[in-house]
Amino acid sequence: MTTHSRSTAYVLGAATVAMGLIAGTFYIFACCVMPALARSDDRVYVDVMNDINDVIQNPVFFLSFVGALLLTGVSAWQLRGQPCRWWVWAGLAAYALGFLTTIAFNIPLNDDLTTMTDPTAARERFENPWVTWNVVRAVSSTVALGCLARALVLYGRVTHGTWEHPTAAVSGVGG
């Protein structure tokens with residue numbers, strides 16, 4: 001069993017924030033960006049998606065995208081033996097699904113889109129699968145965010161703001 005500490009709380013909090021950023025990114029694509037692009041002609045659609053795929057490959061997005069996975073994994077390890085660990089593990093599993101979906105489906109579709117020369121054929125091959133897989137990762141990362149938020153609340157309840165060992169917080173022993 002691990003002890004409650006500020007670093008454990010900070011890691012869980014950072015994982016929750018990173019997950020929120022990623023869930024929000026995928027959410028905004030699902031409910032705003034892709035429906036807006038659906039209104040454009042094929043050439044504009046392909047050009048804008050290629051531009052988005054180019055600029056999203058940056059250190060800030062990468063830090064959030066990978067950081068959400070790593071911070072959640074570290075948090076799961078730090079909270080082993082704690083009641084809230086199951087929420088963190090559930091969040092990790094949910095985000096792993098979204099992370100792997102991105103790697104296995106969305107990125108290859110992005111890469112294929114850059115090589116296609118006919119915008120109508122490119123859009124036809126790209127749009128529906130990409131939108132579908134984006135919804136999968138939006139839902140999975142949102143579920144992960146909910147799980148991490150629940151873990152954060154439970155972790156805070158156990159510590160009662162004292163940062164003491166959980167048995168001391170529950171039994172009044174220690175200090």
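The Cα trace of the range 1-53 gives Rg and Dmax of 18.4, 58 Å, the first to one decimal, the second as a whole number. Per-residue ellipticity at 222 nm computed for the chain from its helices equals -26000 deg cm²/dmol, with DSSP H segments shorter than 4 residues left out and the rest contributing -39,500 (n - 2.57). Given their separation in residues at 0.36 nm each and the Cα-Cα distance between them, S40 and D111 gain 23.5 nm when the chain is fully extended.
Roughly what angle does helix 59-78 make with the longest principal axis of the chain, taking Cα atoms, 0 to 90 degrees, to the nearest 10? So the inclination is approximately 30 degrees.
From the largest down, the chain spans 71, 24, 20 angstrom on the principal axes of its Cα atoms.
No lab work stands behind these numbers, since they all come straight from the coordinates. Values in this document were obtained by computation on a predicted structure and should not be read as measured data.
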